[in-house]
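Down below is the structure, laid out as C-alpha coordinates.
The values are calculated or read from the model by the stated rules, or taken from the named source; none is laboratory data. Remember, it's a predicted structure, so these values are computed and weren't measured experimentally. As a convention, Cβ positions derive from the backbone with ideal geometry for all residues, glycine included, and neighbour counts pool all protein chains shown. Surface areas here come from the heavy atoms of the whole protein model, side chains and all, with no ligands, DNA or RNA. Shrake-Rupley method; radii C 1.70, N 1.55, O 1.52, S 1.80 Å.
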Amino acid sequence: MVSGGSSDLRRDGVDLSDRLFVVFNPASGRGRGARLQQKYVDLLRGAGLDCEVAETRAPGDERRLTLQALDQGFTSIVAVGGDGTWSHVADALLGSGSPGLRFGVLPAGTGNDFGRNLGLDHRRPDLCVEVLAQGRTRQIDVGRVRTPSRRAEPGQPAAGEPSVRHFLNVVGLGFDVGVIDAAAGARFLRGEALYQITALQQLFRFPGVTCTAESRSEPVAERSGRFLMVTVSNGAVFGGGFPIAPHAAIDDGCLHACFIGDASPFGRARLFTAAGKGRHGLLNGVFFEASTGFVLRTDDRTRFEVDGDVYEATGSSVEVDLLPGALEVFAP
(Lines give C-alpha, C1' and ligand atoms only; values in the text may rest on other atoms or scores of the structure.)
Protein backbone atom coordinates (compact mmCIF):
# COMPACT_ATOMS: atom_id res chain seq x y z
CA MET A 1 0.00 0.00 0.00
CA VAL A 2 1.32 3.44 -0.91
CA SER A 3 0.54 6.68 0.87
CA GLY A 4 -0.14 9.96 -0.89
CA GLY A 5 -0.94 13.43 0.38
CA SER A 6 0.82 15.73 2.79
CA SER A 7 0.38 14.23 6.26
CA ASP A 8 0.94 10.91 7.95
CA LEU A 9 -1.90 8.43 8.35
CA ARG A 10 -3.70 8.79 11.69
CA ARG A 11 -5.12 5.61 13.24
CA ASP A 12 -6.06 4.16 16.64
CA GLY A 13 -9.32 6.01 17.07
CA VAL A 14 -8.09 9.36 15.76
CA ASP A 15 -10.39 11.16 13.31
CA LEU A 16 -9.62 10.30 9.67
CA SER A 17 -12.67 12.04 8.22
CA ASP A 18 -10.55 14.63 6.38
CA ARG A 19 -8.62 11.97 4.46
CA LEU A 20 -9.60 9.93 1.43
CA PHE A 21 -8.96 6.22 1.06
CA VAL A 22 -8.54 5.61 -2.68
CA VAL A 23 -9.02 2.11 -4.12
CA PHE A 24 -7.38 1.75 -7.54
CA ASN A 25 -8.21 -1.13 -9.88
CA PRO A 26 -5.28 -1.25 -12.35
CA ALA A 27 -7.07 -3.94 -14.40
CA SER A 28 -10.15 -1.83 -15.06
CA GLY A 29 -10.82 -0.78 -18.62
CA ARG A 30 -8.50 -3.53 -19.86
CA GLY A 31 -5.49 -1.77 -18.39
CA ARG A 32 -6.76 1.80 -18.60
CA GLY A 33 -6.81 1.92 -14.80
CA ALA A 34 -3.08 1.19 -14.64
CA ARG A 35 -2.31 3.84 -17.26
CA LEU A 36 -4.34 6.47 -15.40
CA GLN A 37 -3.16 5.67 -11.90
CA GLN A 38 -0.19 8.04 -11.70
CA LYS A 39 -2.19 10.77 -13.43
CA TYR A 40 -4.91 10.50 -10.82
CA VAL A 41 -2.38 10.44 -7.96
CA ASP A 42 -0.77 13.61 -9.33
CA LEU A 43 -4.16 15.29 -9.75
CA LEU A 44 -5.23 14.35 -6.22
CA ARG A 45 -2.03 15.72 -4.74
CA GLY A 46 -2.22 18.83 -6.94
CA ALA A 47 -5.72 19.48 -5.62
CA GLY A 48 -4.38 19.37 -2.06
CA LEU A 49 -6.30 16.22 -1.16
CA ASP A 50 -4.88 14.12 1.64
CA CYS A 51 -5.25 10.45 0.76
CA GLU A 52 -4.02 6.93 1.11
CA VAL A 53 -3.88 4.79 -2.02
CA ALA A 54 -4.34 1.03 -2.32
CA GLU A 55 -4.39 -1.24 -5.38
CA THR A 56 -6.55 -4.26 -6.07
CA ARG A 57 -4.59 -7.30 -7.19
CA ALA A 58 -7.18 -10.09 -7.18
CA PRO A 59 -10.98 -10.53 -7.34
CA GLY A 60 -12.54 -9.54 -4.04
CA ASP A 61 -9.87 -6.97 -3.18
CA GLU A 62 -12.30 -4.08 -3.62
CA ARG A 63 -14.34 -5.39 -0.72
CA ARG A 64 -11.34 -6.37 1.39
CA LEU A 65 -9.60 -3.01 1.01
CA THR A 66 -12.80 -1.05 1.64
CA LEU A 67 -13.57 -2.90 4.86
CA GLN A 68 -9.94 -2.54 5.93
CA ALA A 69 -10.19 1.23 5.40
CA LEU A 70 -13.38 1.41 7.46
CA ASP A 71 -11.71 -0.55 10.26
CA GLN A 72 -8.89 2.01 10.25
CA GLY A 73 -11.37 4.86 10.64
CA PHE A 74 -11.70 6.26 7.12
CA THR A 75 -15.16 7.56 6.25
CA SER A 76 -14.53 8.81 2.68
CA ILE A 77 -13.79 6.05 0.19
CA VAL A 78 -12.97 6.72 -3.47
CA ALA A 79 -12.95 4.00 -6.13
CA VAL A 80 -10.92 4.38 -9.34
CA GLY A 81 -12.09 2.05 -12.10
CA GLY A 82 -15.32 1.32 -13.91
CA ASP A 83 -18.81 0.20 -13.05
CA GLY A 84 -17.68 -3.13 -11.60
CA THR A 85 -15.09 -1.58 -9.29
CA TRP A 86 -17.48 1.15 -8.14
CA SER A 87 -20.27 -1.35 -7.56
CA HIS A 88 -18.14 -3.68 -5.41
CA VAL A 89 -16.81 -0.83 -3.27
CA ALA A 90 -20.32 0.60 -2.81
CA ASP A 91 -21.63 -2.87 -1.96
CA ALA A 92 -19.00 -3.17 0.78
CA LEU A 93 -19.85 0.28 2.15
CA LEU A 94 -23.57 -0.43 2.26
CA GLY A 95 -23.11 -3.91 3.66
CA SER A 96 -20.88 -2.64 6.48
CA GLY A 97 -23.74 -0.85 8.21
CA SER A 98 -21.37 1.98 9.17
CA PRO A 99 -22.97 5.45 9.38
CA GLY A 100 -21.65 8.71 7.92
CA LEU A 101 -19.79 7.26 4.94
CA ARG A 102 -19.08 9.18 1.73
CA PHE A 103 -18.32 7.57 -1.62
CA GLY A 104 -16.44 8.99 -4.60
CA VAL A 105 -15.74 7.63 -8.08
CA LEU A 106 -13.00 8.37 -10.59
CA PRO A 107 -13.53 6.89 -14.09
CA ALA A 108 -10.99 4.47 -15.53
CA GLY A 109 -13.22 1.68 -16.80
CA THR A 110 -14.82 0.41 -19.98
CA GLY A 111 -18.35 1.76 -19.72
CA ASN A 112 -18.24 4.21 -16.79
CA ASP A 113 -22.03 4.35 -16.87
CA PHE A 114 -22.61 5.15 -13.20
CA GLY A 115 -20.23 8.09 -13.59
CA ARG A 116 -22.31 9.35 -16.51
CA ASN A 117 -25.47 8.99 -14.45
CA LEU A 118 -23.78 10.98 -11.69
CA GLY A 119 -22.82 13.76 -14.13
CA LEU A 120 -19.08 13.04 -14.43
CA ASP A 121 -17.18 13.37 -17.70
CA HIS A 122 -15.00 10.26 -18.02
CA ARG A 123 -12.86 12.06 -20.62
CA ARG A 124 -11.80 14.71 -18.08
CA PRO A 125 -9.96 13.16 -15.12
CA ASP A 126 -9.07 16.66 -13.88
CA LEU A 127 -12.72 17.68 -13.57
CA CYS A 128 -13.56 14.41 -11.81
CA VAL A 129 -10.86 15.08 -9.20
CA GLU A 130 -12.14 18.64 -8.85
CA VAL A 131 -15.50 17.20 -7.76
CA LEU A 132 -13.74 15.50 -4.84
CA ALA A 133 -11.82 18.66 -4.00
CA GLN A 134 -15.00 20.74 -3.88
CA GLY A 135 -16.48 18.31 -1.38
CA ARG A 136 -20.11 18.62 -2.48
CA THR A 137 -22.21 15.50 -1.94
CA ARG A 138 -25.73 14.25 -2.63
CA GLN A 139 -27.79 11.30 -1.47
CA ILE A 140 -28.59 8.75 -4.16
CA ASP A 141 -30.74 5.64 -4.36
CA VAL A 142 -29.19 2.18 -4.44
CA GLY A 143 -30.63 -1.06 -5.75
CA ARG A 144 -30.43 -4.39 -3.96
CA VAL A 145 -30.64 -7.97 -5.21
CA ARG A 146 -31.86 -10.49 -2.65
CA THR A 147 -31.47 -13.82 -4.41
CA PRO A 148 -29.43 -16.95 -3.60
CA SER A 149 -26.90 -17.01 -6.42
CA ARG A 150 -23.29 -17.51 -7.37
CA ARG A 151 -20.91 -15.58 -9.55
CA ALA A 152 -20.69 -17.26 -12.95
CA GLU A 153 -16.91 -17.34 -12.62
CA PRO A 154 -14.35 -19.49 -10.76
CA GLY A 155 -13.41 -18.69 -7.19
CA GLN A 156 -16.74 -17.17 -6.15
CA PRO A 157 -19.30 -18.30 -3.51
CA ALA A 158 -20.84 -21.68 -4.19
CA ALA A 159 -24.38 -22.08 -5.47
CA GLY A 160 -26.97 -22.06 -2.71
CA GLU A 161 -25.22 -19.49 -0.54
CA PRO A 162 -27.73 -16.71 0.28
CA SER A 163 -26.62 -13.42 -1.18
CA VAL A 164 -27.50 -9.75 -0.90
CA ARG A 165 -25.84 -7.64 -3.58
CA HIS A 166 -26.22 -3.86 -3.77
CA PHE A 167 -25.99 -2.21 -7.16
CA LEU A 168 -25.54 1.34 -8.39
CA ASN A 169 -26.76 1.10 -11.95
CA VAL A 170 -28.52 -1.94 -13.40
CA VAL A 171 -29.67 -5.53 -13.09
CA GLY A 172 -30.40 -7.23 -16.37
CA LEU A 173 -31.11 -10.55 -17.98
CA GLY A 174 -31.16 -11.70 -21.57
CA PHE A 175 -29.30 -9.82 -24.27
CA ASP A 176 -27.03 -7.77 -21.99
CA VAL A 177 -25.70 -10.95 -20.36
CA GLY A 178 -24.89 -12.25 -23.86
CA VAL A 179 -23.04 -9.01 -24.61
CA ILE A 180 -21.00 -9.22 -21.39
CA ASP A 181 -20.05 -12.82 -22.19
CA ALA A 182 -19.03 -11.84 -25.74
CA ALA A 183 -17.10 -8.78 -24.53
CA ALA A 184 -15.11 -10.94 -22.12
CA GLY A 185 -13.85 -12.94 -25.09
CA ALA A 186 -13.00 -9.93 -27.28
CA ARG A 187 -9.27 -9.38 -27.78
CA PHE A 188 -8.72 -6.10 -29.60
CA LEU A 189 -11.52 -3.79 -28.47
CA ARG A 190 -11.98 -1.56 -25.44
CA GLY A 191 -14.12 1.29 -24.19
CA GLU A 192 -17.44 2.16 -25.77
CA ALA A 193 -16.52 0.39 -29.03
CA LEU A 194 -16.19 -2.90 -27.13
CA TYR A 195 -19.83 -2.81 -26.00
CA GLN A 196 -21.21 -1.40 -29.21
CA ILE A 197 -19.57 -3.93 -31.55
CA THR A 198 -20.23 -6.97 -29.35
CA ALA A 199 -23.83 -5.79 -28.92
CA LEU A 200 -24.21 -5.59 -32.68
CA GLN A 201 -22.86 -9.15 -33.02
CA GLN A 202 -25.26 -10.49 -30.39
CA LEU A 203 -28.24 -9.01 -32.22
CA PHE A 204 -27.88 -11.90 -34.65
CA ARG A 205 -26.84 -14.59 -32.19
CA PHE A 206 -28.68 -14.21 -28.90
CA PRO A 207 -31.70 -16.58 -28.67
CA GLY A 208 -33.93 -14.41 -26.43
CA VAL A 209 -35.31 -15.19 -22.98
CA THR A 210 -38.75 -16.04 -21.55
CA CYS A 211 -39.52 -13.98 -18.46
CA THR A 212 -42.36 -13.03 -16.15
CA ALA A 213 -41.85 -9.80 -14.22
CA GLU A 214 -43.90 -8.70 -11.23
CA SER A 215 -43.61 -5.15 -9.94
CA ARG A 216 -44.03 -4.19 -6.29
CA SER A 217 -46.03 -1.08 -7.12
CA GLU A 218 -49.66 -0.71 -6.11
CA PRO A 219 -51.59 -2.25 -7.72
CA VAL A 220 -49.11 -5.04 -8.44
CA ALA A 221 -48.41 -5.30 -12.17
CA GLU A 222 -47.21 -8.35 -14.09
CA ARG A 223 -45.72 -8.70 -17.56
CA SER A 224 -44.82 -11.97 -19.32
CA GLY A 225 -43.38 -12.86 -22.69
CA ARG A 226 -40.40 -13.66 -24.83
CA PHE A 227 -37.92 -10.80 -24.56
CA LEU A 228 -34.67 -9.76 -26.11
CA MET A 229 -33.80 -8.41 -22.69
CA VAL A 230 -35.19 -7.10 -19.42
CA THR A 231 -33.34 -4.47 -17.40
CA VAL A 232 -34.05 -2.93 -14.00
CA SER A 233 -32.20 0.38 -13.81
CA ASN A 234 -31.34 2.83 -11.08
CA GLY A 235 -29.82 5.27 -13.60
CA ALA A 236 -30.61 6.20 -17.18
CA VAL A 237 -27.66 4.75 -19.12
CA PHE A 238 -25.82 1.44 -19.28
CA GLY A 239 -23.67 -0.60 -21.69
CA GLY A 240 -21.25 2.21 -22.53
CA GLY A 241 -23.76 5.03 -22.79
CA PHE A 242 -27.04 3.50 -24.01
CA PRO A 243 -29.95 5.46 -22.43
CA ILE A 244 -31.90 2.29 -21.70
CA ALA A 245 -34.13 4.00 -19.10
CA PRO A 246 -34.36 7.58 -20.40
CA HIS A 247 -36.67 8.78 -17.61
CA ALA A 248 -34.63 7.34 -14.74
CA ALA A 249 -32.55 9.32 -12.26
CA ILE A 250 -30.37 7.98 -9.46
CA ASP A 251 -32.28 9.94 -6.83
CA ASP A 252 -35.92 9.66 -7.99
CA GLY A 253 -37.00 6.97 -5.51
CA CYS A 254 -37.81 4.40 -8.22
CA LEU A 255 -36.32 1.53 -10.15
CA HIS A 256 -37.11 1.60 -13.86
CA ALA A 257 -37.68 -1.65 -15.74
CA CYS A 258 -37.35 -1.80 -19.51
CA PHE A 259 -38.88 -4.75 -21.37
CA ILE A 260 -37.74 -5.20 -24.97
CA GLY A 261 -39.70 -7.87 -26.79
CA ASP A 262 -37.86 -10.36 -28.97
CA ALA A 263 -37.79 -9.64 -32.70
CA SER A 264 -36.29 -10.70 -36.02
CA PRO A 265 -32.66 -9.73 -36.73
CA PHE A 266 -33.91 -6.72 -38.70
CA GLY A 267 -36.23 -5.71 -35.86
CA ARG A 268 -33.41 -6.12 -33.36
CA ALA A 269 -31.14 -3.89 -35.45
CA ARG A 270 -33.85 -1.23 -35.50
CA LEU A 271 -34.17 -1.52 -31.71
CA PHE A 272 -30.40 -1.24 -31.31
CA THR A 273 -30.30 1.96 -33.36
CA ALA A 274 -33.26 3.49 -31.51
CA ALA A 275 -31.85 2.53 -28.09
CA GLY A 276 -28.63 4.38 -28.85
CA LYS A 277 -30.71 7.55 -29.08
CA GLY A 278 -33.04 6.73 -26.20
CA ARG A 279 -35.97 6.39 -28.62
CA HIS A 280 -36.64 2.65 -28.29
CA GLY A 281 -39.76 3.40 -26.24
CA LEU A 282 -41.44 4.61 -29.44
CA LEU A 283 -41.21 1.14 -31.01
CA ASN A 284 -43.67 -1.74 -30.69
CA GLY A 285 -42.75 -4.38 -28.14
CA VAL A 286 -40.92 -1.99 -25.78
CA PHE A 287 -42.46 -1.27 -22.37
CA PHE A 288 -41.37 0.66 -19.28
CA GLU A 289 -42.44 0.18 -15.67
CA ALA A 290 -41.40 2.18 -12.59
CA SER A 291 -41.59 0.62 -9.14
CA THR A 292 -39.74 0.26 -5.87
CA GLY A 293 -39.09 -3.42 -6.62
CA PHE A 294 -39.45 -6.27 -9.09
CA VAL A 295 -39.37 -10.06 -9.14
CA LEU A 296 -38.09 -11.54 -12.41
CA ARG A 297 -38.89 -15.21 -13.14
CA THR A 298 -37.58 -17.41 -15.95
CA ASP A 299 -38.02 -21.03 -16.99
CA ASP A 300 -34.73 -22.21 -15.52
CA ARG A 301 -31.92 -21.04 -13.27
CA THR A 302 -31.66 -17.38 -14.11
CA ARG A 303 -28.40 -15.88 -15.36
CA PHE A 304 -28.40 -12.17 -14.70
CA GLU A 305 -25.96 -9.31 -14.51
CA VAL A 306 -25.41 -6.84 -11.70
CA ASP A 307 -23.41 -3.78 -12.78
CA GLY A 308 -21.54 -5.89 -15.31
CA ASP A 309 -20.94 -9.01 -13.15
CA VAL A 310 -22.76 -12.13 -14.29
CA TYR A 311 -24.49 -14.30 -11.67
CA GLU A 312 -26.54 -17.47 -11.76
CA ALA A 313 -29.50 -17.74 -9.41
CA THR A 314 -29.95 -21.07 -7.67
CA GLY A 315 -33.63 -20.89 -8.58
CA SER A 316 -35.70 -19.39 -11.36
CA SER A 317 -36.33 -15.93 -9.89
CA VAL A 318 -34.42 -12.76 -9.08
CA GLU A 319 -35.79 -10.29 -6.51
CA VAL A 320 -34.74 -6.64 -6.80
CA ASP A 321 -35.69 -3.73 -4.55
CA LEU A 322 -34.68 -0.12 -3.88
CA LEU A 323 -32.98 1.61 -0.95
CA PRO A 324 -33.95 5.28 -1.40
CA GLY A 325 -31.25 7.83 -0.57
CA ALA A 326 -29.02 5.11 0.88
CA LEU A 327 -25.62 6.38 -0.26
CA GLU A 328 -23.88 9.76 0.06
CA VAL A 329 -21.70 10.42 -2.98
CA PHE A 330 -19.36 13.18 -4.10
CA ALA A 331 -21.10 14.82 -7.06
CA PRO A 332 -20.86 17.90 -9.30
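Give the range 42-51 a look and list any residue that's open to solvent by less than 10 Å² (accessible area, probe 1.4 Å) and of a type in the set (A, V, I, L, M), or say none. Before you say what the answer is, go through the steps one by one.
Filtering the range 42-51 down to residues open to solvent by less than 10 Å² (accessible area, probe 1.4 Å) leaves 44, 51.
Listed by number, the list holds a single entry, Leu44.
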Go through the range 202-259 and report how many residues are touching a residue at least 12 places away in the same chain (Cβ under 8 Å) and part of a loop (DSSP other than H, G, I, E, B).
27
Can you tell me which condition Asp91 does not meet? The list is (1) charged (D, E, K, R); (2) closer than 24 Å to Asn169 by Cβ; (3) at pLDDT below 95, and all the others hold.
(3)
Residue in the range 169-186 that is touching a His at 6+ places or on another chain (Cβ under 9 Å), at pLDDT 70 or above and within 27 Å of Gly100 (Cα to Cα) present:
no
Could you check how many residues of the range 81-113 are of a type outside the set (A, V, I, L, M, F, W, C) and open to solvent by 10 Å² or more (accessible area, probe 1.4 Å)?
12
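Mind checking whether some residue in the range 271-283 is hydroxyl-bearing (Ser, Thr, Tyr) and more than 23 Å from Asp91 (Cβ to Cβ)? Show your work before the answer.
Step one: filter the range 271-283 for residues hydroxyl-bearing (Ser, Thr, Tyr), giving 273.
From what is left, the residues that are more than 23 Å from Asp91 (Cβ to Cβ) are 273.
Checked the range 271-283: at least one residue is hydroxyl-bearing (Ser, Thr, Tyr) and more than 23 Å from Asp91 (Cβ to Cβ).
In the range 268-295, which residue that is open to solvent by 70 Å² or more (accessible area, probe 1.4 Å) and assigned to a strand (DSSP E or B) is nearest to Arg226 (Cα to Cα)?
Start the filter on the range 268-295 by keeping residues that are open to solvent by 70 Å² or more (accessible area, probe 1.4 Å), which leaves 270, 273, 277, 279, 282, 284, 287-288, 292.
If we keep only those that are assigned to a strand (DSSP E or B) as well, we get 287-288.
Details: Phe287: 13, Phe288: 15 Å.
If we take residues in the range 268-295 being open to solvent by 70 Å² or more (accessible area, probe 1.4 Å) and assigned to a strand (DSSP E or B), then Phe287 is nearest to Arg226 (Cα to Cα).
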Number of the exception - Glu319 against (1) part of a strand (DSSP E or B); (2) more than 23 Å from Ser224 (Cα to Cα); (3) open to solvent by 10 Å² or more (accessible area, probe 1.4 Å)
(2)
Among the residues in the range 129-143, are any surrounded by 15 or more Cβ atoms within 10 Å (Cβ to Cβ), touching a strand residue (DSSP E or B) at 6+ places or on another chain (Cβ under 7 Å), part of a loop (DSSP other than H, G, I, E, B) and touching a residue at least 40 places away in the same chain (Cβ under 8 Å)?
no
When the range 52-79 is checked residue by residue, the ones that are assigned to a loop (DSSP other than H, G, I, E, B) and open to solvent by less than 10 Å² (accessible area, probe 1.4 Å) are Phe74
Just one of (1) open to solvent by 40 Å² or more (accessible area, probe 1.4 Å); (2) within 22 Å of the chain's Cα centre (by Cα); (3) more than 22 Å from Ile180 (Cα to Cα) trips up Glu218, so point out which.
(2)
Checking Pro265 against (1) of a type outside the set (S, T, N, Q); (2) closer than 22 Å to Val89 by Cα; (3) surrounded by fewer than 16 Cβ atoms within 10 Å (Cβ to Cβ), the condition it does not meet:
(2)
